[in-house]
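The values are calculated or read from the model by the stated rules, or taken from the named source; none is laboratory data. Just so you know, these numbers come straight off a predicted model, no measurement behind them. Counting neighbours? That spans all protein chains shown, and the Cβs are built from the backbone with ideal geometry, glycine included. Only protein heavy atoms, including side chains, enter the accessible area calculation; ligands, DNA and RNA are left aside. Shrake-Rupley method; radii C 1.70, N 1.55, O 1.52, S 1.80 Å.
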Amino acid sequence: MNFSFGHFPLDLIVLGLVAVFLVLRLRSILGRRVGAEPAPRPVAPPPMAANVVEQKPEPPPPAITYDIPAPDTRVGGVLARIGVLQPGFTPQDFAKGTESAFRQIVGAYAAGDLNVLRQRLTAATFTAFEAAIQSRQQAGEVLRSEIRDITDIAIIGADIDETAGPSPLARIEVRIVSDQVSLTVDSNGQPVAGVDAVTEFSDLWTFERLLGVNADGAGWRLGASRSA
C-alpha cells in the first residue's frame with residue numbers, strides 16, 4: 001500500500017481545522033452572557049386627559065339705564081337752572097352718583113351704621129331712620145339686605161326754592177329700580193318681613209342740597225324716600 005502524502009491536499013485539511021476552531025471559538029463567545037443584562041423597562045401608558053368640566057362664565061350684571069329728561073322739558077329746564085347755580089353740576093353725573101348713594105344708604109341702614117347715614121341724609125330723614133333702627137334693635141330683629149343689581153335710574157322731578165335763604169335749595173326726585181334680597185328676622189331667625197329671594201324694588205328718592213359757591217358744601221343728601 002502506498003502511504004505517500006504527495007497527492008493528498010494537506011492545505012485543505014489545515015483550512016478545515018482552522019474553520020472548525022473558529023466556529024467553536026465564536027460559539028463559546030456568543031453563547032455566554034457577559035454581565036447582567038438590564039431588565040426590560042415597562043412602557044408607561046400615555047397619561048389620560050382628565051375630564052375637564054368647563055364652567056360657563058357668570059353673565060355680567062346688566063348695565064344701568066340712566067333716564068335723563070330732555071332740556072326742552074320742564075324738569076330738564078330746572079336741571080339746567082341748577083347747573084347755572086351750582087358749578088360743575090350735570091344731570092348725567094348726578095344720576096351716576098345716585099347709584100353710589102343708594103348702595104351706601106341701603107347698606108348702612110341694614111347694618112345700623114348711623115355715622116354713614118348722618119353724612120348722607122338730611123337732619124329730618126336721619127331722625128326717622130335712626131328711630132327705625134333703634135326700634136329694630138330693641139325688638140332683637142336683624143335686617144338682611146343685599147343689592148344684587150340696579151337696573152334703572154330715572155330723574156323724574158326737580159325744583160328750586162330760591163326763597164329758602166341766602167342759598168337756593170334744590171330738590172331732585174329719582175326713581176331707582178333694583179333687584180334686592182331684603183329679609184327681616186327675629187331673634188330666633190324667623191322671618192318677620194320680606195322674603196329670602198331676589199325681588200325687584202322700585203323706590204322714589206328725593207335728594208336735596210343748597211346751591212352756590214357759598215353753600216354749606218354738604219352735597220346732595222337724601223331728604224325723602226318712598227316706594228314707587
ask   = Taking Ser225, is it open to solvent by less than 20 Å² (accessible area, probe 1.4 Å) and among the hydroxyl-bearing types (Ser, Thr, Tyr)?
value = no
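Can you confirm whether the stretch 167-186 contains a residue that is surrounded by fewer than 12 Cβ atoms within 10 Å (Cβ to Cβ) and assigned to a loop (DSSP other than H, G, I, E, B)?
Filtering the stretch 167-186 for residues surrounded by fewer than 12 Cβ atoms within 10 Å (Cβ to Cβ) gives none.
No; the residues of the stretch 167-186 include none that is surrounded by fewer than 12 Cβ atoms within 10 Å (Cβ to Cβ) and assigned to a loop (DSSP other than H, G, I, E, B).
What tally of residues in the stretch 115-141 results from selecting those that are in contact with a Gly (Cβ under 7 Å, 6 or more places away or on another chain), open to solvent by less than 80 Å² (accessible area, probe 1.4 Å) and in a helix (DSSP H, G or I)?
Restricting attention to the stretch 115-141, the residues satisfying the condition of being in contact with a Gly (Cβ under 7 Å, 6 or more places away or on another chain) are 122, 125, 133, 137.
This time we only want the ones that are open to solvent by less than 80 Å² (accessible area, probe 1.4 Å), so: 122, 125, 133.
In the following step, the residues that additionally are in a helix (DSSP H, G or I) were identified as 125, 133.
Number of matching residues: 2.
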